[in-house]
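Enquirer: Mind looking over this structure? Questions follow.
Since every read-out is calculated from the coordinates, none of them should be taken as a lab result. A quick note: this is a predicted structure, and the numbers were derived from the prediction, not measured. Because the Cβ atoms are built from the backbone with ideal geometry, glycine has one as well, and the counts that use them run over all protein chains shown.
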Amino acid sequence: MTKYIRYRSAAGVSYGILDGDTIHEIHGGLFGSHAETGALHKLSDVKLLAPCQPGKIMGVGLNYRSHLGGRPQPSHPEMFYKPVTALQDPDEPIVIPSGATDLHYEGELVAVIGKPVKNATPEQARAAIFGVTCGNDVSERNWQHGAQKDLQWWRAKGSDTFAPLGPAIATGVDYGNLLLQTRLNGEVVQKQYTSDLIFDCPSIVSWVSGWVTLMPGDIIYTGTPGATRKLSPGDVVEVEIEGIGVLRNPVV
């Protein structure tokens, strides 16, 4: 397994390979050929950023059996978009926007695309997935489902800071059976293995690629397990997926 990160140091923004608390700087980007530069950093000396810069962000609704809550299981992945401006870095705040009254966390496994994908079989889709990371599909339930809901989820799931991502992209892991846990102020509020996904990562990527070409760096939030809860200013949300790390964000 390799963990890739994106970070800011005194020298600027770089990609690196994380080995314990040591960062091995690389050049050449993530998705093509890259090599270590020989420069080393301590993790504590840099600022972690969202681990890639996607051209587009998509998400899947109702994709854990434990999240259906009596609703029928969908026959195919139900997709939506989040704008790239929703991205938020590890440890940076989730900002409750004006008028929001019922903001929820959604801890999720996120698939990161590594090569162009169009009309892919599940096997081709699997080969196109570069790795996986942690995400929080922050959602405003009243704008999503309430009496004054919008026609699309453009602000319910797309407001600024509603797509925390990181801390690292893990490659070479069996992302079909990883333990996902979300903690709210230290309390475990979501706990499920990714084997409970209705549609796994290759199935989602294959489905989407029938209509939308996916490009290197694009990301797909794959759905959230169980039930979710309202967030308040001062809360801290942590999404932890075994083998990847902990994505932590305060709420303001």
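Enquirer: How much length would be gained if the chain were fully extended between residue 193 and residue 230, taking 0.36 nm per residue of separation minus their Cα-Cα distance, in nm to one decimal?
Expert: Gain in length upon complete extension: 11.1 nm.
Enquirer: Counting only helical runs of four or more DSSP H residues, what would the 222 nm mean residue ellipticity of the chain come to if each run contributes -39,500 (n - 2.57) and the total is spread over all its residues?
Expert: -2000 deg cm²/dmol
Enquirer: Please build a GNM for the chain, connecting alpha carbons under 10 Å apart, and tell me which residue among 94, 26, 57 fluctuates the most.
Expert: In this elastic network of the chain, the residue with the biggest mean-square fluctuation among 94, 26, 57 is 26.
Enquirer: Please tell me which of these pairs span more than 27 angstrom C-alpha to C-alpha: 47/230; 149/230; 42/191; 42/230?
Expert: Those over the limit are 47/230; 42/191; 42/230.
Enquirer: Related question: Give, as ranges by residue number, the residues of the range 167-186 whose backbone N falls under 16 Å from the point 7 Å along Cα→Cβ of residue 22.
Expert: none
Enquirer: Report, by chain and number, residues whose modeled amide H sits under 5 Å from the one on residue 229, excluding near sequence neighbours (fewer than 5 apart, same chain).
Expert: Those qualifying (amide H under 5 Å, at least 5 residues apart or on another chain) are 105.
Enquirer: Just the number, please: Stokes-Einstein D of the chain in µm²/s, Kirkwood Rh from C-alpha pairs, 37 °C, 0.692 mPa s.
Expert: 180
Enquirer: Please find the FRET efficiency linking residue 35 to residue 1, where r is the Cβ-Cβ separation and R0 is fixed at 22 Å, and quote it to the nearest 0.05.
Expert: Using R0 = 22 Å, I get an efficiency of 0.70.
Enquirer: Per-residue HN-Hα couplings for the range 88-103, Karplus 6.51 cos²θ - 1.76 cosθ + 1.60 at θ = phi - 60°, whole Hz, x for Gly and Pro?
Expert: Those phi angles translate into 9, 7, x, 6, 8, x, 7, 9, 6, x, 4, x, 6, 10, 8, 8 Hz.
Enquirer: Sticking with this one: Quick one: Cα centre-to-centre distance for the range 1-41 and the range 47-98, in angstrom?
Expert: 25
Enquirer: Using 0.36 nm per residue, how much length does the chain from residue 115 to residue 141 gain when fully extended, once their Cα-Cα distance is taken away?
Expert: That works out to 6.0 nm of additional length.
Enquirer: Can you tell me which aspartates and glutamates have their Cα less than 18 Å from the Cα of residue 56? Leave out same-chain residues fewer than eight positions away.
Expert: Partners found: 78, 89, 108, 137, 160, 218.
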